[in-house]
């Protein structure tokens, strides 16, 4: 198990924003993963998508890594930010943009509706 | 396999006795729910920590038998 743990640690250390998801950013294979992809694309945030469906050990390992039972999972600067509900809530309140800019991650400013 | 709303509520209340729980079956299939949970246990905790408390109460059902639970968690006003 530690091998997968190290792999996860390595990915989130080397990439500012990482989305562990079902499918790929171009082809999400789950509604919840697709919602987070839409939010990140809307904000213009560069991120690395990791398809957990391609690796069964990763799919379970990521849940143990954060003690979070579902996918997708978003990481910013190595820190777990949340799953679909939390990211959507943070996006709607503008908190996600603030969190990204505080973390020094370039994000296009969304049009405030 | 699916889960009854009453079972979800029972599990949450067994871990968070003061919790007020509202559950909505989103798809009628016992697999996709939305839940609003209000409990003093959430005060001062981040959203991730609040949701982890609820997931812990569901004793591993979340992500397995229970595919989707759209969660909203709040401390009492």
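The values are calculated or read from the model by the stated rules, or taken from the named source; none is laboratory data. Computed from a predicted model, the values in this text were never measured in an experiment. Every residue, glycine among them, receives a Cβ derived from its backbone with ideal geometry; neighbour counts consider all protein chains shown.
In the stretch A:82-99, the residue that is surrounded by the fewest Cβ atoms within 10 Å (Cβ to Cβ) out of those that are within 11 Å of another protein chain (Cβ to nearest Cβ) and touching a residue at least 12 places away in the same chain (Cβ under 8 Å) is A:88. Looking for whichever is touching a residue at least 60 places away in the same chain (Cβ under 8 Å), more than 8 Å from the chain's Cα centre (by Cα) and more than 14 Å from chain A (Cβ to nearest Cβ) here; the options are B:15, B:2, B:6. Which one fits? Every option except B:2 fails the conditions.
Restricting attention to the stretch A:36-81, the residues that are assigned to a helix (DSSP H, G or I) and either over 11 Å from the mean Cα position of the chain (by Cα) or within 14 Å of chain B (Cβ to nearest Cβ) (or both) add up to 19. Scan the stretch B:49-77 for residues that are modelled with pLDDT of 90 or more, at the interface with chain A (Cβ under 9 Å from one of its Cβ atoms), surrounded by fewer than 19 Cβ atoms within 10 Å (Cβ to Cβ) and in contact with a helix residue (DSSP H, G or I) (Cβ under 7 Å, 6 or more places away or on another chain) and the total you get is 1.
Can residue A:35 be described as closer than 18 Å to residue B:47 by Cα and modelled with pLDDT of 95 or more?
No, not satisfied.
Screening the stretch A:9-35 for residues that are assigned to a helix (DSSP H, G or I) and touching a strand residue (DSSP E or B) at 6+ places or on another chain (Cβ under 8 Å) and picking the one that is farthest from the other protein chains (Cβ to nearest Cβ) gives A:11.
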